[in-house]
Amino acid sequence: MKTLYMVRHAKSSWDDMSLSDHDRPLNGRGEKNAPEMGRRLKDRGILPDLLISSSAVRAYETARKIAKEIGYLENRIANSKNLYHADEEDIIRWLQEQEDKNNSLMIFGHNPGFTECVNLLSGAGFYNIPTCGVVAMAFETELWSEVKAGTGTLIFYDYPKKPWSSKT
């Protein structure tokens, strides 16, 4: 079985308009929300085999903060330019190329591609995954190459404004 955790980057800053979209950092709310979501993931006992972030600064900062909370070494976080503003088809093709030795992946990226990808894989019908939202899906396969539309089963969906209990 393969497990995929898709994390939309935390809220980013628009304070410095000279920065490119790719280089925007987290804002204050993002700085607070990412560790909180990391604690929620830790409470669920989640420690993926591999964390992979979009190359965008805001996505990588989100990955770093969540990694710290779940006990994942920051220097093991991989970066992928392919996740930067990828659409759902690109994300699925990219997933199909991942190494099968990793049974669980946590990936950090952007909307609208992440929301559309979750909907395509699981049929969840989400309108919008909010910033720092996490969607977990399971796939009844041993091969990432077999991950395709309709093969995912939703495990959970969490986001910063959702009331939290470690029992949910």
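Using Cα-Cα distances under 8 Å and only pairs 6 or more residues apart, what relative contact order does the stretch 2-158 have, in percent?
31 percent.
Amide H to amide H, which residues 5 or more places from L26 or on other chains are under 5 Å from it, using H placed in the peptide plane?
When sequence neighbours closer than 5 places are left aside, the close amide H contacts are S13.
Within the chain, which whole H helices from DSSP have a Cα span along their axis of at least 27 Å and a mean Kyte-Doolittle hydropathy of -1.0 or more, if any?
none
So if I take the centroid of the Cα atoms in the stretch 16-36 and the same for the stretch 128-165, what is the distance between those two points in Å?
Measuring centre to centre over Cα atoms gives 23 Å.
Beta carbons within 10 angstrom, averaged per residue: use that to sort the peptides 94-103, 151-160, 109-118, highest first.
The most tightly packed comes first, giving 109-118, 151-160, 94-103.
Can you put V147, V135 in order, fewest other beta carbons within 10 Å first?
V147, V135
Once the piece of chain linking M17 and K68 is laid out straight, how much longer is it, given 0.36 nm per residue of separation minus the C-alpha distance between them?
15.4 nm
Check the straight Cα-Cα distances from K68 and name the lysines below 17 Å, setting aside those fewer than 8 residues away within the same chain.
Of all the lysines, those that pass the test against K68 - Cα under 17 Å, at least 8 places apart if same chain - are K32, K42.
Would you mind ranking E89, E31 so that the residue whose beta carbon has the fewest other beta carbons within 10 Å leads the list?
E89, E31
Evaluate the distance, in nm, between pseudo-label points positioned 7 Å from the Cα of T153 and of R76 along their respective Cα→Cβ axes.
Distance between label points: 2.7 nm.
Taking R0 as 30 Å, what FRET efficiency do you get between Q96 and R39 from their Cβ-Cβ distance, rounded to the nearest 0.05?
0.40
Taking θ = phi - 60°, what integer Hz values does the Karplus form 6.51 cos²θ - 1.76 cosθ + 1.60 yield along the stretch 17-26, in sequence order, with x for Gly and Pro?
With the stated coefficients, the stretch 17-26 comes to 6, 7, 6, 6, 3, 4, 9, 5, x, 6 Hz.
So what is the 222 nm mean residue ellipticity for the chain from helices alone, if each DSSP H run of at least 4 adds -39500 (n - 2.57) and you divide by all residues, rounding to the nearest 500 deg cm²/dmol?
-9000 deg cm²/dmol
Can you give the translational diffusion coefficient of the stretch 1-141 in µm²/s, computed by Stokes-Einstein from the Kirkwood radius over Cα pairs at 25 °C and 0.890 mPa s?
For the chosen part, D equals 164 µm²/s.
In which sequence would S122, S20 go, from the one with the fewest C-beta neighbours within 10 Å to the one with the most?
In increasing order of surrounding Cβ atoms, one gets S20, S122.
FYI, it's all coordinate maths here, none of it is from the lab. Everything numeric in this text was worked out from a predicted model, so none of it was measured. Quick reminder, even Gly has a Cβ in these numbers, built from the backbone with ideal geometry, and neighbours come from all protein chains shown.
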